[in-house]
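One structure is given here, and the rest of the page talks about it.
The values are calculated or read from the model by the stated rules, or taken from the named source; none is laboratory data. Owing to the predicted nature of the structure, the values given are computational and were not obtained by experimental measurement. Note that each Cβ is placed from the backbone with ideal geometry, even for glycine, and that neighbours are counted across all protein chains shown. These accessible areas exclude ligands, DNA and RNA; they are computed on the full protein's heavy atoms, side chains included. Shrake-Rupley method; radii C 1.70, N 1.55, O 1.52, S 1.80 Å.
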Amino acid sequence: MAKLGITNDFISLPLTYSFSNSQQDHPFELYSQSLEQNCKDLLHKKLDIAFISAVDYARHSSELLLIKDFAIYTRGACKCALLVFEENLLNIHRVAFLRNSQYQILADLVLKEYFEIESEWRKLDAPDSIAQLPQKAPIFFLDGNSAIENASIFENHLDIAEEWSERSGLSYIHQLLAVRRDTAISNFLQPLAFAYETGMKALAAIAKAHAATHKNDWEYYYSLLTEIFQYRPTEVTWEDVQAYLEYLYYHGNIDFIPELHF
């Protein structure tokens, strides 16, 4: 079986739900881990296909191909990248964060590009409760599942993905699907397409199952999946990816501007 690297991110469930719940026969053995680890394992041939971030693709584009029909992207607020603060946003000098991620890179880029703010980023140990973070830092950054779960408990926050889309005019691509350049993808496309179609039909079931073990009601998760996140990229989506890579290069996050290879 082909080894497929997925994540435990809520936003990826529409593309992986049918695999994880044995709702279809498929050629994949699943490995759930971070996007960064997915990319490392893909490059070291521990995986055959994997969800990765745009920045990881940019850093290893000479060795990778993208699968053009699938990606996870948004345009506007998505609750995945939240800068939480108590004071005037313009007074940002130091930002606490819990983990290195693509969203932390995006947040730093947005602050520099659109607010002309050079912030010091300070990594914190995860507290027992996210609600305790304001006691540790007046300004902190939440991303991924933690941000989605806790967006409602912090009154003052800036949705970084929304700022990115509104100011740049571009969508933000959360996850790409990639293989090594020596990998034939023909056997992957049909099961991936079927998984997507199955996931789109099961969005309510996905939201309800997720709500059963998380703090928000199922309508909250359902609205994210149906109104915010998209999974079938267009040519415009890929133009937005290319533009984002140019921003990453300008701000020193990558060493050169790669082309997108499919």
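The table below gives the values:
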| item | result |
| --- | --- |
| Residues being farther than 18 Å from residue 199 by Cα, under 14 Å from the mean Cα position of the chain (by Cα) and of a type outside the set (Asp, Glu) - total across the stretch 1-49 | 6 |
| Only one of 57, 31 that is part of a helix (DSSP H, G or I) and modelled with pLDDT of 95 or more | 57 |
| Those residues of the stretch 60-92 which are part of a helix (DSSP H, G or I) and crowded, with 19+ Cβ neighbours inside 10 Å, in sequence order | 61 |
| Residue 149 vs. criteria over 19 Å from residue 241 (Cα atoms), at pLDDT below 95 and in contact with a Lys or Arg (Cβ under 9 Å, 6 or more places away or on another chain) | no |
| Qualifying residues in the stretch 233-257 (those that are in contact with a helix residue (DSSP H, G or I) (Cβ under 7 Å, 6 or more places away or on another chain) and not aliphatic (A, V, I, L, M)) - the one least open to solvent (accessible area, probe 1.4 Å) | 244 |
| Top-ranked residue in the stretch 225-235 [being within 30 Å of residue 2 (Cα to Cα) and in a helix (DSSP H, G or I); ranked as farthest from the chain's Cα centre (by Cα)] | 235 |
| The stretch 24-59: number of residues that are surrounded by fewer than 17 Cβ atoms within 10 Å (Cβ to Cβ) and within 20 Å of residue 229 (Cβ to Cβ) | 1 |
| Selection status of residue 260, closer than 21 Å to residue 192 by Cα, in contact with a helix residue (DSSP H, G or I) (Cβ under 7 Å, 6 or more places away or on another chain) and either open to solvent by less than 90 Å² (accessible area, probe 1.4 Å) or part of a helix (DSSP H, G or I) (or both) | yes |
| Matching residues in the stretch 176-207 - criterion: being in contact with a helix residue (DSSP H, G or I) (Cβ under 7 Å, 6 or more places away or on another chain) and of a type in the set (Ser, Thr, Tyr) | 196, 198 |
| Any strands (runs of 3 or more DSSP E) falling wholly within the stretch 107-215 and containing at least 1 residues that are among the acidic types (Asp, Glu) and loosely packed, with under 12 Cβ neighbours inside 10 Å | 120-123 |
